[in-house]
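Working notes, beginning with the structure itself.
The values are calculated or read from the model by the stated rules, or taken from the named source; none is laboratory data. Small disclaimer: the values here were computed from a predicted structure and weren't measured. Side chains are part of the model used for accessible areas, which takes the heavy atoms of the whole protein and leaves out ligands, DNA and RNA. Shrake-Rupley method; radii C 1.70, N 1.55, O 1.52, S 1.80 Å.
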Amino acid sequence: WSPHEAIDTSKPHGRFAFQTLASVAELERANIRTRTRDGLHRAFRAGKYMGVVPYGYLANKDARLEVVPEEAEVVRKIFGHIVKGASLYSVAKDLNERHIPPPGKRYGSGKQRGQNRWAPTTVRNIVHQRAYSGVHEVTLGGSERVERPVPAIIDPLLQKQAKAALAEGKRRTYQREGNRKYLLSGLVRCAICGYGCSGHASTAKGKRRSYYTCITNFRTRVPQGGPHGAPYIRAEWLEENIWNDVRRF
């Protein structure tokens, strides 16, 4: 049979023919997917690169990543500012004010394109990009990851320090509101969406109460998504329970 022949699926032989052709097509599709995936894995492990190239690099004619000196210098300055305690917003603002071209998308050795301004999220993504410390990680086929060495732009220790500085800065951002210090801000996570919880105070009938709640309840803090009805948990109750657990431990 061929796909152009009429198949009468109202009869047993016709249904058998149809199911056989469908099974053969499904098998061939799976084989093509497997061969394509294996070929990509071999290429990546051999150091070749396909797809969007990280900022600070370009792919040469052999499809291997090379450092772009002027962009690499920008990357080093970003890491240096973050380690010294600068915020993502302040770094992005400084780069925009100095009219440094922001990263976009680059394929191969072409020009960066597709982004007009530096954003805090762009700076954060650069800090977390492993390629800058010499190991480029590519995700293939969902959760499958391939790692390969690339020319390093910064020292791995500097990247570790920058990540730690960002984590500490995030905690400080949500740790204090008014005169109260929320010790669990950034450490407690929402069971619904996984975002961190921050401190929040409210005043009713002359009494001031402190709570922890998911940061998605504050649209100004989360650029994507919105509130999903996360509860407000009394801060004193939560902190006392955590401290009791620590004492028992």
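Here are the numbers for this structure:
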item: Matching option when the condition is open to solvent by 100 Å² or more (accessible area, probe 1.4 Å) and modelled with pLDDT under 85, among Arg29, Arg33; result: Arg33
item: Selection count where residues are among the aromatic types (Phe, Trp, Tyr), at pLDDT 80 or above and open to solvent by 10 Å² or more (accessible area, probe 1.4 Å), scope the stretch 196-225; result: 1
item: Selected residue (only one of Gly80, Gly51 is modelled with pLDDT under 75, open to solvent by less than 40 Å² (accessible area, probe 1.4 Å) and not basic (Lys, Arg)); result: Gly51
item: Those residues of the stretch 131-158 which are at pLDDT 90 or above and within 16 Å of the chain's Cα centre (by Cα), in sequence order; result: Ala131, Tyr132
